[in-house]
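Inspection log for the structure reproduced underneath, given as structure tokens.
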Amino acid sequence: MSDPSALLASLNFQLKFPQVENFHEAGIIKQTQGIQKPDIESRGDQKPIVAVLLGWFGAEYKYLAKYSDIYLEKGCIVLECITPMKIVMTEKSKFPIIAHRVISILEEHDLECNPLFFHALSNAGAWVYSYIVKELEILSKGKQLNIKGTVFDSAPFPLSTHRVYNTMLAHYNSNYLFGIKYPMAAVLASLWSLRTFWWYNQMAAKVCLKGDQYERGALVPSQQEPFPLYNWLPRICGVRNHAYLFLYSKADSITPWREIEKIASTLRFRGNSVMLVKFPGSKHVQHLRKHPEVYAAAISTFLLNQMNYSSSEKSAVYWN
């Protein structure tokens, strides 16, 4: 990874705090929309919730703010994170830097001990989340961060050439490139396929020449991945004793709803708490726009359930 300092300087993550009237005197979430003060205080949590929003590919902060408002209205602190498009497109090896920066911001503002929720939108958000999971294991900080749960919106899902094509098509359609969008999406999807073949062939060649790598330490550090995003989805599915909310739709042409349900089933089988909300008729990352009340209610229910979750339960395992 070249010049990580330049990347860090270019990031424009935004930390937002709720208005004073959304706090009570102890800094607990206000008593609205199903989140009750006694439910939280009875568990000993005297700090406001922190929600970390991980934006989708091509997201803008003015649109991500609509998601932040859901949490801010409940008295939560919000960290908005959008990965630069250049990293998503051509510099995926820098995802670990993004993940490390998210954790660093929480530490710099003394928020690592607050009840923490991640909200990942589409695969771009899920990719950052997967490296945050990895960072927690690498740095042995899983026990220090008070992570209560994770929300996935239109994610995660395994990539394929067809899905990459649909993603690029949706992105360029939003930029009004008209006829150019189809060949552009086809070219980018083809490049993704060729690069993926190249990465796996390189890894296979190394195994054939040098044999399997059996030392766990040689595989854990992000710098030594065989290629970017290697094992990102198995890493998410490997988490245990955690809580998840999946927000998805059958009408999503990018995120296959059956894959979402398969991943949710895998996570539930591993001992995780899983909540599924399937929206009718809403497209990719459009569930809040089409169903704002149901979307906000799902978030409220999820927060309430996890804040009421007994602190005596087992801690999440981020690598197994």
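Taking into account only those residues within the stretch 271-280 that are on the phi < 0 side of the Ramachandran plot and either touching a residue at least 60 places away in the same chain (Cβ under 8 Å) or of a type outside the set (Val, Ile, Thr) (or both), which is surrounded by the most Cβ atoms within 10 Å (Cβ to Cβ)? Don't jump to the end; show me each part of the working.
So the first thing to find is which residues in the stretch 271-280 are on the phi < 0 side of the Ramachandran plot, and the list is 272-280.
If we keep only those that are either touching a residue at least 60 places away in the same chain (Cβ under 8 Å) or of a type outside the set (Val, Ile, Thr) (or both) as well, we get 272-273, 275-276, 278-280.
Numbers: Asn272: 19, Ser273: 17, Met275: 18, Leu276: 16, Lys278: 14, Phe279: 23, Pro280: 11.
Per the stated criteria, the residue is Phe279.
Yes/no matrix, rows are residues, columns are (1) in contact with a Cys (Cβ under 6 Å, 6 or more places away or on another chain); (2) surrounded by 21 or more Cβ atoms within 10 Å (Cβ to Cβ); (3) of a type outside the set (A, V, I, L, M, F, W, C):
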{"residue": "Gly55", "(1), (2), (3)": "no, yes, yes"}
{"residue": "Tyr63", "(1), (2), (3)": "no, no, yes"}
{"residue": "Tyr67", "(1), (2), (3)": "no, yes, yes"}
{"residue": "Leu79", "(1), (2), (3)": "no, yes, no"}
{"residue": "Lys92", "(1), (2), (3)": "no, no, yes"}
{"residue": "Ile103", "(1), (2), (3)": "no, no, no"}
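For the stretch 106-125, what are the residues that are more than 18 Å from Phe152 (Cα to Cα) and over 16 Å from the mean Cα position of the chain (by Cα)? Please lay out each step first, then the result.
Let us first name the residues in the stretch 106-125 that are more than 18 Å from Phe152 (Cα to Cα), namely 106-114.
Correct list: Glu107, Glu108, His109, Asp110, Leu111, Glu112, Cys113, Asn114.
Of the residues that make up the stretch 256-270, is at least one surrounded by 20 or more Cβ atoms within 10 Å (Cβ to Cβ) and not in a helix (DSSP H, G or I)?
No; the residues of the stretch 256-270 include none that is surrounded by 20 or more Cβ atoms within 10 Å (Cβ to Cβ) and not in a helix (DSSP H, G or I).
Scanning the stretch 281-320 for residues that are modelled with pLDDT under 95 and β-branched (Val, Ile, Thr), which turns out surrounded by the most Cβ atoms within 10 Å (Cβ to Cβ)?
Among residues in the stretch 281-320 that are modelled with pLDDT under 95 and β-branched (Val, Ile, Thr), the one surrounded by the most Cβ atoms within 10 Å (Cβ to Cβ) is Val285.
Residues that are farther than 23 Å from Pro234 by Cα, at least 3 per element: which helices (runs of 4 or more DSSP H) completely within the stretch 60-143 meet that?
Details: elements: 61-72, 85-89, 95-108, 122-138.
So the answer is 61-72, 95-108.
Quick one: which of Gly34, Gly75 is surrounded by fewer than 17 Cβ atoms within 10 Å (Cβ to Cβ), at pLDDT below 95 and either closer than 21 Å to Val151 by Cα or in contact with a helix residue (DSSP H, G or I) (Cβ under 6 Å, 6 or more places away or on another chain) (or both)?
After applying the criteria, what remains is Gly34.
The values are calculated or read from the model by the stated rules, or taken from the named source; none is laboratory data. The structure presented is a predicted model; accordingly, all values stated were derived computationally and were not measured. So basically every Cβ, Gly included, is an ideal-geometry build from the backbone, and we count neighbours across all protein chains shown.
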